[in-house]
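Written below as structure tokens is the structure these notes are about.
No value in this document is a laboratory result; all are computed from the given coordinates. Only a predicted model underlies this, so the values are computations on that prediction, with no experimental measurement involved. Here the Cβ is made from the backbone with ideal geometry for all residues, glycine too, and neighbour counts use every protein chain on show.
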Amino acid sequence: MPAFQFRKLVLSAAVMAVWPLAAQTAPAQPNDFIDVFAKLSGEHKGLRKNHSKGVCAVGDFTASKAATAYFDADLFSGETLPVIYRFSLPGGNPLAPDYAGVPRGFAAQFSLKNGTKHNIATLNVPVFAAKDPETFLGLLQASVPGADGKPDMAKLTAFKAAHPDTKPLEQWLASHQPPFSYATAEYFGIHTFYLNSKQGEKTKIRWHLQPHDGVKGLTEAEIAEKKPDFLHQRLAERLQQGAVSFDWIISFGEPEDAVNDPSVQWPAQRKTLNAGMLRLTASGDNSCDNINFDPNVLSRGFSASDDPVLRMRSPAYAISFGKRLSGQ
């Protein structure tokens with residue numbers, strides 16, 4: 001075989017080997033995520049298909065004077081608003097261990113005086129697992145266990161190598177311990193939104209929730225104990241001492257900051273504004289059980305970006321919500 005033909009054959013084989021890992025050939029569909037979470041965690045009827053393990057809490061939110069003065073948004077009127085919260089672990093397994101080195105979720109639904117709702121959904125990590133739904137779906141599919149109950153690590157490693165946007169979250173988790181308590185974690189909105197200012201400007205923002213109790217992780221000894229359930233108990237014990245509070249810190253984006261890629265974190269030195277305080281006063285009831293915490297449910301003054309991961313949340317959450325309410 002001539003040398004040039006041999007080189008062409010080798011190149012073609014290399015392309016065919018990498019191509020399935022490099023991109024999804026079809027757009028991800030909402031039900032694809034429902035299916036893959038079931039493959040990862042098993043079928044658990046009547047529960048959330050993702051973040052199935054969690055605990056409800058109740059409390060309120062009061063906007064700061066700075067937010068009321070700067071933003072033209074009903075949520076920042078300055079009135080104290082009732083809020084239903086939910087803390088959670090990712091995945092569809094309701095028995096997921098609390099010591100696992102995975103993100104923690106924190107969602108909230110605000111009830112405004114005019115009867116409208118406003119939702120936020122956050123994670124205690126500053127970046128998402130992938131830049132778009134197709135890559136995230138591919139990452140989940142590459143993580144599905146085989147017949148031996150374990151994922152194919154070679155396949156998973158190859159996928160990550162072909163998709164560098166999956167690395168920031170992996171690196172962050174490797175350098176941070178899981179939270180000691182739901183009350184000692186910083187939570188990030190991850191996605192970009194827009195907020196109207198009093199001057200009529202549409203301002204690009206992201207946010208994080210800063211705990212008044214400070215950020216504290218588990219020790220290596222506590223992780224080694226492998227206690228499967230302690231987060232809900234620690235939250236309840238902490239609330240016996242008084243309210244658990246978080247400051248809502250809004251960051252203002254610059255033109256060069258990512259809008260539609262949640263795998264990219266904005267620089268820490270961006271201008272910020274403390275928009276108010278979220279307060280939790282009790283936990284452990286069922287107030288959040290029938291709430292769909294879709295972060296695209298926004299009140300007047302807010303609007304969503306075209307982030308494809310953010311956009312995918314609405315239909316995927318709706319399917320999960322419908323299945324949960326119907327006992328599927």
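Values for this structure:
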item	result
Two-decimal log10 I(q)/I(0) for the range 120-242, as the Debye equation yields it once each C-alpha is a single scatterer, q = 0.09, 0.11, 0.12, 0.14 Å⁻¹	-0.39, -0.57, -0.67, -0.86
Taking the C-alpha atoms of the chain, convex hull volume expressed per residue in Å³	167
Highest-fluctuation residue, L89, L218, L278 considered, GNM on the chain with Cα pairs under 10 Å	L218
Protection proxy ranking of 153-161, 43-51 - average other beta-carbon atoms within 10 Å, highest first	43-51, 153-161
GNM flexibility winner over the chain from D257, D148, D74 (Cα, springs under 10 Å)	D148
Contour excess over end-to-end distance, with Cα ends at A236 and A318 and 0.36 nm allotted per residue	26.5 nm
Farthest toward positive dipole pole in the range 38-325 [+1 Lys/Arg, -1 Asp/Glu at C-beta], among P295, L139, F230	P295
Förster-model FRET efficiency, 30 Å R0, N274 and K45, C-beta, rounded to 0.05	0.10
Phi to ³J(HN,Hα) by Karplus 6.51 cos²θ - 1.76 cosθ + 1.60 over the range 315-328, Hz, x for Gly, Pro	x, 5, 4, 5, 5, 4, 5, x, 5, 5, 5, 8, x, 8
Cα-centre dipole for the chain with unit charges at Cβ (Lys and Arg positive, Asp and Glu negative), debye to 20	300
Which listed pairs, of K49/K227; K53/K150; K53/K131; K49/K198; K53/K216; K65/K131, have C-alpha distances above 28 Å, in listed order	K49/K198; K65/K131
Local electrostatic count at V36 - Lys and Arg +1, Asp and Glu -1, tallied over other residues with Cβ under 13 Å	-2
